[in-house]
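Visitor: My questions will all concern the structure given below.
The values are calculated or read from the model by the stated rules, or taken from the named source; none is laboratory data. If you're wondering where the values come from, they're calculated on a predicted model, not measured in any experiment. FYI the Cβ positions are ideal-geometry reconstructions off the backbone, even for glycines, and counts take in every protein chain you see.
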Amino acid sequence: MNTDVTKHVQGESLFVNDFPIVEGTLFAKVVTSTIAHGKITKVDLDKAQSLPGVIKIITAKDIPGENQVGGIIQDESLLAENEVHFIGEPIVLIIAETQSICFKASKKIKIEYEELEVIVDPREAFEKNSLIMPPKTFESGNVDKAWQSCKYVVEGKVETGGQEHLYLETQGAVSFPAEGNGIKIISSTQSLSAVQRTISKILNLPMNKIEVDVLRLGGAFGGKEDQATHWAVLSALGVYLTKKPVKLILSRHEDLDFTGKRHPYSSDFKIGLTKDLRILAYEVTYFQNAGAVADLSPAILERTLFHATNAYFVPNVKATAISCKTNLPPFTAFRGFGGPQGKFVFESAIHKTAVNLGIDASQIQKMNLITENEHFYYGQKAEDSKAVVSWKTAQNKYKMQKLFDEVSEFNKNNKLYKKGIAVMPICFGISFTNTMLNQASALVHVYNDGSIGVSTAAVEMGQGVNEKIKLAVANTFSVNIEKIKIESTNTTRIANASATAASSGADLNGNAAIKASRSIKQRLLKFAADELNKNDIEKFSIVNEIILYDNQPTNLTWKGLIQKAYLNRINLSAHEFYATPEIYFDRTKNKGRPFAYHVYGTSITCATVDCVRGIYEFDYVKIVHDFGKSIDEKIDIGQVEGGLVQGIGWMTLEELKYSKNGKLLSNSLSTYKIPDIYSVPKNIDIEFLEDSENRFGPLKSKAIGEPPLMYGIGSFFAIMNAVKSFNPKSKIEYSAPITPEKVLLGLYN
Ligand code: LUZ
Ligand code: MOS
């Protein structure tokens, strides 16, 4: 069970805003652009400056280093200087004695602009050549030739909307001056080193002067992979210029307005099948709405390409992805990282083909699942494929045919309610697609009372990574889990860390923690052998805190051994490094083995649509998921359920709306609907795929964070099938989210 559960329930868990305030702490607030594109012609700070309690008003010219926060592409200023590119872009930072003075001061700042043309639509951006970077194409086989061999060729257009992360804890940081010009930052970030590196650049200080500490986050979902940095840097800039602690926490409204979300995509596909329903060719163009600057868009775009064919084998593929620059807040990482968008297009292509042929999509899906001897179109062999076995398990365990029959039977007997059923296979590659990022380290101390402290780069954000690392360390030493404490994540203990992201937090940091624990254990076993005058160290082991020789208990316990080892000057600490083996990707050919492994699974979703009102509910979602050997089943089930419901929200309810001039209209929870208890399927069954283990995962586990979100895609097609059952000629489009409004229109047009 998640280490934090009890503390959460008892209100004891500390989030950034909960750390006791140090005397003299100042508060910060940003003033941001009110237009989506324009030149700044005038910034009038005088009235705000003279307000009592205002300590400092900061603009771009106060930045001592480089005014640059772009991670992948250097195209993003911390504070806008001459031009603004989206509504919510920070221009001025107010530092004052209280939050309410910040608020008053912000009202007194007048900024004037000369407005420029605003683009919000990715296809329009493409036509106007407003791009983040040149288009990128992944290819295999030869699609142009393959069309001739296809019996069926289907084309279409697909839309997916963005998604607000809605982490419970809004973005924020509190920073403190440290000796010798240093700064310590407590930040709600998934990526401490990114915060440290960026502050170093902005303040022109070496990285060793900047300490970042994270205890836990109140959720992140990718929203704090890149975009937590800005707020941490702004608070550090405040400290640098005032020499006082500075706290900057976004209000919910600010967070909704200013920060990036999942990328909306608009896509065109063409799919070709043989007469026996083998998919022979697939061509696709993705128009990614990147927003105003690059942020993580290039990496997200690439993951869309990797997941273009989901869990299927397709011999001829040409996939082109275009990152389109628009005047919206930069879209960013969100659970799945472009993968879900890519999969949805492929599933839509299958679905449209099935509708044209008058068959169920599952007839095409099951014919094309990737097998162990086949290759993904980017060159990686699917050696660990569980696509077929998870489908077959779902078919048998859940009696898939019977479920389909029940739905047809219901639809025959009902006019105003219709049911729809859809199967959704998933396949998600585990590793950062940027190979370099797949590294981690761990620092383990065994204290001389036998208790253990573990530091890694993993950030606990509710996903349970701390519990998994605890279990991995407890298992390695064979000690009671109560003996282990996971320390806060801190850049002075773990340097140069990658973000806790890409579902790989437990894999990378868990493996590093196991390595460090093994180093200490090896020294301890050698010491035990010396103590007992034996030279066959390999016969020594630790089981449940007892030292065994030749599987027989010795008189040494864990605690006794540690105390003796300490007195004998044995090193009881270790720092070890882990880098995922075997992975590489050649970006000149766009081929390689980018992922350590893949996670597979199959879901069956059944929806009931009320054909008078257009509303719907989910009867059930039945899942077979490949957990590898789960480290903690409760945590993993929680991740599957949470991911599924988050995916259902993205596919069915959550609708981001922007005005033509780039203003977010759905900027509160009264206009942006997220899943509630009624949106949750009435039954969620989760079956663990049997006989799966993973040589890359700690204790043979598989990553869990992102893959289950994609089961939510099934909800779209289940609803669409119900609509088509009511009105076979429905013009309902492949446009997510499939909201009740769209359903109602689809039922009657
Ligand atoms: N972040 C990243 C990610 O930088 N690279 C990735 O490949 C990735 N994948 C999923 C989620 N976050
Ligand atoms: Mo992520 S989408 O921060 O793994």
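Visitor: What number of residues within the stretch 540-585 are part of a helix (DSSP H, G or I) and in contact with a helix residue (DSSP H, G or I) (Cβ under 8 Å, 6 or more places away or on another chain)?
Guide: The total comes to 5.
Visitor: Next question. Among the residues of the stretch 729-748, which ones are out of contact with any Ser or Thr (no Cβ under 9 Å at 6 or more places or on another chain) and basic (Lys, Arg)?
Guide: Listed by number, the residues that qualify are 729, 731.
Visitor: In addition: What number of residues within the stretch 505-518 satisfy the criterion of being in contact (Cβ under 8 Å) with a residue 60 or more places away in the chain and more than 16 Å from ligand 2 (Cβ to nearest atom)?
Guide: 7
Visitor: Just to be sure I understand the filter: pairs with C-beta atoms under 7 Å, separated by 6 or more residues or on different chains, first member in the stretch 211-237 and within 12 Å of ligand 1 (Cβ to nearest atom), second member part of a loop (DSSP other than H, G, I, E, B) and charged (D, E, K, R). Which pairs pass?
Guide: 221/335; 222/335; 226/295
Visitor: Being polar (S, T, N, Q) and more than 20 Å from residue 239 (Cα to Cα) is the requirement here; does residue 59 meet it?
Guide: No: the conditions fail for residue 59.
Visitor: Tell me which strands (runs of 3 or more DSSP E) are completely within the stretch 407-504 and hold 3 or more residues being in contact (Cβ under 8 Å) with a residue 60 or more places away in the chain, or say none if there are none.
Guide: In the stretch 407-504, the matching strands (runs of 3 or more DSSP E) lie at 417-430, 439-446.
Visitor: Run residue 332 past the list (1) polar (S, T, N, Q); (2) in contact with a Gly (Cβ under 8 Å, 6 or more places away or on another chain); (3) away from ligand 2 (no atom under 16 Å from the Cβ) and report the number of the one that doesn't hold.
Guide: (3)
Visitor: Being surrounded by fewer than 24 Cβ atoms within 10 Å (Cβ to Cβ), charged (D, E, K, R) and in a helix (DSSP H, G or I), is that true of even one residue in the stretch 638-648?
Guide: The answer is yes; a qualifying residue exists.
Visitor: Quick check on the stretch 335-364: of everything there that is among the β-branched types (Val, Ile, Thr) and within 28 Å of the chain's Cα centre (by Cα), which residue is nearest to ligand 2 (Cβ to nearest atom)?
Guide: 345
Visitor: With the checklist (1) assigned to a helix (DSSP H, G or I); (2) within 16 Å of ligand 2 (Cβ to nearest atom); (3) in contact with a strand residue (DSSP E or B) (Cβ under 6 Å, 6 or more places away or on another chain) in hand, flag the one item residue 290 doesn't pass.
Guide: Unmet condition: (1).
Visitor: Search the stretch 700-729 for residues that are outside the structural domain of residue 510 (by TED's automatic domain parsing) and surrounded by fewer than 24 Cβ atoms within 10 Å (Cβ to Cβ) and pair each with any residue that is of a type in the set (Gly, Ala, Ser) and part of a loop (DSSP other than H, G, I, E, B) when their beta-carbon atoms are under 9 Å apart and the residues are at least 6 apart or on different chains.
Guide: Taking only residues 6 or more apart or on different chains, the pairs are 700/692; 724/730.
Visitor: Of everything in the stretch 214-264, what is away from ligand 2 (no atom under 15 Å from the Cβ) and in contact with a Lys or Arg (Cβ under 7 Å, 6 or more places away or on another chain)? Give them in sequence order.
Guide: Those that are away from ligand 2 (no atom under 15 Å from the Cβ) and in contact with a Lys or Arg (Cβ under 7 Å, 6 or more places away or on another chain): 235, 241, 242.
Visitor: Test of understanding: among 320, 353, which residue is surrounded by fewer than 24 Cβ atoms within 10 Å (Cβ to Cβ) and within 16 Å of residue 285 (Cβ to Cβ)?
Guide: Of the residues listed, the single one that is surrounded by fewer than 24 Cβ atoms within 10 Å (Cβ to Cβ) and within 16 Å of residue 285 (Cβ to Cβ) is 320.
Visitor: OK, next. So how many residues does the stretch 80-137 have that are surrounded by fewer than 20 Cβ atoms within 10 Å (Cβ to Cβ), within 22 Å of residue 233 (Cβ to Cβ) and touching a Cys at 6+ places or on another chain (Cβ under 7 Å)?
Guide: Count: 0.
Visitor: Moving on to the next point. Please work out if residue 448 is touching a helix residue (DSSP H, G or I) at 6+ places or on another chain (Cβ under 8 Å), polar (S, T, N, Q) and not assigned by TED's automatic domain parsing to the domain that holds residue 296.
Guide: Yes: the conditions hold for residue 448.
Visitor: Right, residue 262: within 16 Å of ligand 1 (Cβ to nearest atom), touching an Asp or Glu at 6+ places or on another chain (Cβ under 6 Å) and among the basic types (Lys, Arg) or not?
Guide: No, not satisfied.
Visitor: Is it the case that the stretch 195-217 has a residue that's within 21 Å of residue 439 (Cα to Cα) and among the hydroxyl-bearing types (Ser, Thr, Tyr)?
Guide: Yes: the stretch 195-217 contains one or more residues that are within 21 Å of residue 439 (Cα to Cα) and among the hydroxyl-bearing types (Ser, Thr, Tyr).
Visitor: Would you confirm whether any residue within the stretch 619-629 is out of contact with any Leu (no Cβ under 8 Å at 6 or more places or on another chain) and hydroxyl-bearing (Ser, Thr, Tyr)?
Guide: Checking the stretch 619-629: at least one residue is out of contact with any Leu (no Cβ under 8 Å at 6 or more places or on another chain) and hydroxyl-bearing (Ser, Thr, Tyr).
Visitor: Tell me which residues, restricted to the stretch 146-180, are among the aliphatic types (A, V, I, L, M), more than 30 Å from residue 268 (Cβ to Cβ) and either in a strand (DSSP E or B) or modelled with pLDDT under 95 (or both).
Guide: 173, 174, 178
Visitor: Would you be able to say whether some residue in the stretch 326-343 is assigned to a loop (DSSP other than H, G, I, E, B), within 15 Å of residue 423 (Cα to Cα), in contact with an Asp or Glu (Cβ under 9 Å, 6 or more places away or on another chain) and away from ligand 1 (no atom under 15 Å from the Cβ)?
Guide: Looking for residues that are assigned to a loop (DSSP other than H, G, I, E, B), within 15 Å of residue 423 (Cα to Cα), in contact with an Asp or Glu (Cβ under 9 Å, 6 or more places away or on another chain) and away from ligand 1 (no atom under 15 Å from the Cβ), one finds none in the stretch 326-343, hence no.
Visitor: Let me ask something else. Quick one: which residue in 497, 502 is under 19 Å from residue 335 (Cα atoms) and either aromatic (Phe, Trp, Tyr) or within 16 Å of ligand 1 (Cβ to nearest atom) (or both)?
Guide: Answer to the selection: 502.
Visitor: Hey, among 525, 548, 508, 561, which residue is modelled with pLDDT of 95 or more, crowded, with 17+ Cβ neighbours inside 10 Å and within 16 Å of residue 451 (Cα to Cα)?
Guide: 561
Visitor: Does residue 411 qualify as being modelled with pLDDT of 95 or more, within 30 Å of residue 603 (Cβ to Cβ) and over 23 Å from the mean Cα position of the chain (by Cα)?
Guide: Judged against the criteria, residue 411 is a match.
Visitor: Within the stretch 428-457, can you find the residues that are within 14 Å of ligand 1 (Cβ to nearest atom) and within 21 Å of residue 16 (Cα to Cα)?
Guide: If the condition is that a residue be within 14 Å of ligand 1 (Cβ to nearest atom) and within 21 Å of residue 16 (Cα to Cα), then 457 is the only one that fits.
Visitor: Here is a follow-up. Would the stretch 184-197 turn up any residue that is without any contact (Cβ under 8 Å) to a residue 24 or more places away in the chain, surrounded by fewer than 17 Cβ atoms within 10 Å (Cβ to Cβ), assigned by TED's automatic domain parsing to the domain that holds residue 30 and out of contact with any Gly (no Cβ under 6 Å at 6 or more places or on another chain)?
Guide: Checked the stretch 184-197: no residue is without any contact (Cβ under 8 Å) to a residue 24 or more places away in the chain, surrounded by fewer than 17 Cβ atoms within 10 Å (Cβ to Cβ), assigned by TED's automatic domain parsing to the domain that holds residue 30 and out of contact with any Gly (no Cβ under 6 Å at 6 or more places or on another chain).
Visitor: Just to be sure I understand the filter: pairs with C-beta atoms under 6 Å, separated by 6 or more residues or on different chains, first member in the stretch 667-682 and outside the structural domain of residue 719 (by TED's automatic domain parsing), second member exposed (fewer than 13 other Cβ atoms within 10 Å of the Cβ) and modelled with pLDDT of 95 or more. Which pairs pass?
Guide: Between residues of the stretch 667-682 that are outside the structural domain of residue 719 (by TED's automatic domain parsing) and residues that are exposed (fewer than 13 other Cβ atoms within 10 Å of the Cβ) and modelled with pLDDT of 95 or more, there is no close pair.
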